[in-house]
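Nothing in this text is a laboratory measurement; each read-out follows from the coordinates by a stated rule. Bear in mind the structure is a predicted one, so any value in this text is a computation, not a measurement. In this analysis, Cβ positions are derived from the backbone assuming ideal geometry, glycine residues included, and neighbour counts consider all displayed protein chains.
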Amino acid sequence: MTSACQCEACVPKRVLTKDRASPDMQFLVSEKIGPKRSWTPEGYLICFEVPIARLGTMDYAGVELPELEDKDGIIVVERGEDVLFSKETIASFELKPITINHPAELISPATWMVFSKGSATNVRRGEGEQANLLLADLLIMDKYAIHQVQNGLVEVSPGYDADYKQISPGRAAQTTIVGNHVALVKSARCGSVCSIGDSSMPEKKSAQPSIADKLRKLFMTRDSDEFEKTLAEVKDSDAEVGAGSDAQHIHIHMPEAGTKPEATQDADEVDPNKAVLDAIAAVGTQVTALCDRVTKLEGAGATTDSDEDVDTDTDTDTTTDSDEEVDKDKPTKTGDSTAFRDEFQDAKARAEILAPGVKLPTFDAKAVVKKTTDSICVLRRRALIAALDNDNADLVKAVTGGADVSKMTCDSTKAFFNAASELVKQKNSRVEQTTKTENQNSGWSDINKRNAEFWSNRK
């Protein structure tokens, strides 16, 4: 049996590298695959200078921080440098596990082996342009996690426990932060600034995101700092276009108040955006007409996302099947709800599982279909919201990801509702089985005790 060649050309050179931000922190690496990524001799991936948190404000849904008062379902949380860069906060993230997405609960010794994919180390405050960032070096040891990072899962989000101080309705400040883990996620709450730098596969360069893509993401993450940077890019690009000698200038002339636009223009003065604007206006008109048509077809009574707007426990509604209110000369366009009986009963059963005692509607087979589907949707939403305040809250949050249930569409609500009820059903089954086993064991103990007393008295 021959061993692998050990000549200098075949054996990768292992070097002792120092993290540039901390001369005292050293890592033994076998290959450097980018300015901020390296392989260890074992094949682990080291990612240097990774921003894991930032200063500033971030938006949270009201259900994520139920102890605080929200405003329109949103709580804007402020994070100051005295909290983020305190010695306690920095120390709390040192050597904490790296995960893929956030687990439903904070990681503990009982769950560490399940979720940990590596560890964060050398946690510190950035310098210069990174002075508003909390940095860490990530040692990723799990093969699947390494594959995910190398294929684009590069944004990171800290998992932590924190204390909050209410400033005003919808506004709060973090007063303490205790780190628990660092998650690899598709979209970090703090924006793309919190992500692993450089790529190990330069030959597979992905297309740069457009300004529209950046603004769309910033709208979702509400990252004001990144928004200002993107806005500056737009201004810079405008300046570059205007500076070129061959640049093409586009002028949009808006008519002054009280004047009418000219009916015709010279060919050289045609507004290049007019066709686009006309098309947008035409689409708007078509959408409005379509909405009017759908409203007429569905009849009176609109579907809403609030429990208060739909009364599911009364038999009165703006649309009924009574002979007095139906014009017999006109064909009706709404059928009864008989076909929805099974779905209605299933929703009621699952609602009782999620939130025992929740307000349940009554089924009316003669009701119009729209009223019944609205009733089912409201019941599911009401049960999910109620479950967030009972013993099933953790399971519901694990399914919804902390999203605002009150703003979900009916289709999304149904999916989360069914998934959450299944999890609660499984949990209840385990508890019931455990209780039954304990009762059985207790029964045998009683029987053995009585037998022992009986035979002791016979002696």
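Annotations for the structure displayed:
- Amide H within-cut-off set for Ile167, under 5 Å, with H built and near neighbours excluded: Ala172, Ala173
- Residues with amide H under 5 Å from that of Gly159, placed H, sequence gap 5 or more: Asn180, His181, Val182, Ala183
- For the stretch 114-182, the fraction of C-alpha pairs farther apart than 17 angstrom is 59 percent.
- Long-range Cα-Cα pairs in the stretch 94-140 (distance over 13 Å), rounded percent: 60
- R0 of 51 Å, Cβ-Cβ distance Ile447-Glu352: FRET efficiency to nearest 0.05: 0.90
- A full extension of the chain between Asp59 and Glu343 corresponds to an added length of 98.6 nm, given 0.36 nm per residue minus the alpha carbon distance.
- The calculated FRET efficiency for Ala398 paired with Thr176, based on their beta-carbon distance and R0 = 30 Å, is about 0.75.
- With neighbour counts taken as other beta-carbon atoms within 10 Å, the residues Ile385, Ile447 rank, fewest first, as Ile447, Ile385.
- Estimated vicinal HN-Hα couplings, Hz - the stretch 61-69 in sequence order (Karplus 6.51, -1.76, 1.60; Gly, Pro = x): 6, x, 5, 6, 10, x, 7, 9, 8
- Spread of Cα-to-Cα distances over 5 Å intervals beginning at zero, given as percent, for the stretch 15-193: 1, 8, 16, 20, 20, 16, 10, 5, 3, 1, 0, 0
- Subset of Lys348/Lys371; Lys96/Lys186; Lys117/Lys425; Lys71/Lys427 violating a 25 Å alpha-carbon distance limit: Lys117/Lys425; Lys71/Lys427
- Applying the Karplus relation 6.51 cos²θ - 1.76 cosθ + 1.60 with θ = phi - 60° to the stretch 37-46 yields 3J(HN,Hα) values of 9, 8, 9, 8, x, 7, x, 6, 10, 10 Hz, where x marks Gly and Pro.
- Amide H contacts of Ala367 (H built 1.01 Å from N, in plane; Pro and chain starts excluded): Ser337 sit under 5 Å, all sequence-distant by 5 or more or on other chains.
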